[in-house]
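Right, one structure below, let's go through it.
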Amino acid sequence: MPGQHPSRTKLKAQKCEGHIRVKQSTIAFSKLDGIPLVSFCRPNSWRERLEQIAGEHRISLNFAAEADSLSLQAHIVADGGIYALLGPYAIANLEKECRLQASMVVDPPVPRFIALAMSPHGELTLACRTVMQLTKEIARSRNLSSDLQRGVSAAFLRSI
């Protein structure tokens, strides 16, 4: 679609240290079949995309809990027995809050898309100019890990 670029972010799963599902650095999407997950409440485009991919691969995602707060999702996962599917930026921030472990979800890869749009009508607001400037700064930043620079997808999370 015009104006959209896949971020090729690797879907990561979070879990407790040493748990079989996230012991490896990667996990096949099919291994998520039926396991308890915490996800964003509906409607949510990320959750809808995960459900679409699951349907295409005949996988049943078991959304056992819903929370729109990333921090709450992390604490639910940290309590054990449930997993989350989140992106790399969320995981990087949440690992500071909770003891979590992540594995990249593969086979299939789960691309994420970012679209920025501005109205051709009227002047740019301060908010739009600020977002444009921050976006340019982030794009130029060399402080991100190579995975994040390439736009690696989400991960499967669990407590440790």
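Of all residues in the stretch 46-58, those that are part of a loop (DSSP other than H, G, I, E, B) and in contact (Cβ under 8 Å) with a residue 40 or more places away in the chain total 1. Set side by side, the residues PRO2, PRO43 differ, and just one is at pLDDT below 85 and either surrounded by fewer than 19 Cβ atoms within 10 Å (Cβ to Cβ) or in a loop (DSSP other than H, G, I, E, B) (or both), which is PRO2. The single condition among (1) exposed (fewer than 13 other Cβ atoms within 10 Å of the Cβ); (2) modelled with pLDDT of 80 or more that SER119 does not satisfy is (2). Just to be sure, is PHE113 of a type in the set (Phe, Trp, Tyr) and modelled with pLDDT of 80 or more? It is false that PHE113 is of a type in the set (Phe, Trp, Tyr) and modelled with pLDDT of 80 or more.
Filtering the stretch 5-40 down to residues that are among the small types (Gly, Ala, Ser) and part of a strand (DSSP E or B), which residue is modelled with the highest pLDDT? Selected residue: SER39.
Scanning the stretch 74-83 for residues that are in contact with a helix residue (DSSP H, G or I) (Cβ under 9 Å, 6 or more places away or on another chain) and at pLDDT below 90 returns ALA74, HIS75, VAL77, ALA78.
The values are calculated or read from the model by the stated rules, or taken from the named source; none is laboratory data. These figures come from a predicted structure and were not determined experimentally. For neighbour counting, all protein chains shown are included, and Cβ atoms are generated from backbone atoms with ideal geometry for every residue, glycine included.
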